[in-house]
1. Give me, ordered by chain and number, the residues 5 or more places off ASN248 or on other chains with an amide H under 5 Å from its own placed amide H.
2. Restricting attention to region 149-215, which chymotrypsin sites (Phe, Trp or Tyr not before Pro) occupy a DSSP loop and are surrounded by at most 12 other Cβ atoms within 10 Å?
3. Quick check on my link table: of LYS176/LYS237; LYS201/LYS281; LYS206/LYS261; LYS206/LYS256; LYS120/LYS264, which ones sit more than 29 Å apart, alpha carbon to alpha carbon?
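No value in this document is a laboratory result; all are computed from the given coordinates. Only a predicted model underlies this, so the values are computations on that prediction, with no experimental measurement involved. Cβ: placed from backbone, ideal geometry, glycine included. Neighbour counts: every protein chain shown.
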Amino acid sequence: MGSLLRLISRNSLFVFFMFLQLIALVLIFSRNSMQQSWIAGQTAAFNSFVSGYIDQGTSYLKLKQINEQLVSQNKMLMEEVYGKNTSEIPQFRKVHDTLGGGQIYTFVDGEIVFNSINRKDNYFTINRGRRDGVSPKMGVIAPNGIAGIVINTTESYALVQSVLSVNKIKINASLKKSGYFGTLTWRGNDSRTMHLADVPKYVPLKVGDTVLTDGKSAIFPQGIIIGKVSGYEVDSKTGFWDISVEMNEKLGNLSKIFVVKNLKKAEVDRIQDTLQATINKEK
């Protein structure tokens, strides 16, 4: 305390000067409307600056919650759009349909923890497994298109064969405009492009035509956008169109995915097994 008093006494003139300056400033800003407006403007600007950073910080902290809400909404939307058998004829519908009057597909959301796109046959791993109801031969889609098929699972994870696989995956796909369908495969040279074969050459085509899943398998629902026609030519070996399809989903930066659960797959498999049994008997 004594040191402080000695410091003030040595600088008494300076302290007195600063005191007078403070009084002058108070009198100027309290009695002059122009200075008051300036102070108010600066205060408002500072408050806006601080509030902006606070809002940004709050928004950042809420990103995870918002993202989870969007994923949930995506699941609900996909089940509404793809989950119903819209082609089912009402008079043949079961009265006691425990699946909800035509419900076929449900979806399990997840995230990719490992991914590859630069191999001949590519794979990715997702953070969903047997305890989430995921099993082999289930389709995997992303927010913007198809992604792959589950080939193996543990309790908490699943290994997925990417559609970017030369010899392992063939997808049933159709042209939205004409309805003709064919087989979609990847040839290993461009992660953005797949090829649609088996479409007759008399089918009219143009660049930009939409390519969809056709639903003729128990893996993917009908109507999921795969991509658009980016080019086409007649295959000299088959006489059918060889159609280049630019994929809608960029598989190199996948993050969120949805596993497709076909609620009637077991029933479809049973009827397919009877066909195989019939063929074996005929042999």
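1. Answer set, sorted by chain and number: GLY227, LYS228.
2. Working: sites: TYR157, TYR180, PHE181, TRP186, TYR202; in loops: TYR157, TYR180, TRP186, TYR202.
Hits after loop and neighbour filter: TYR202.
3. Numbers: LYS176/LYS237 26 Å; LYS201/LYS281 37 Å; LYS206/LYS261 34 Å; LYS206/LYS256 32 Å; LYS120/LYS264 33 Å.
LYS201/LYS281; LYS206/LYS261; LYS206/LYS256; LYS120/LYS264, as the Cα separations exceed 29 Å there.
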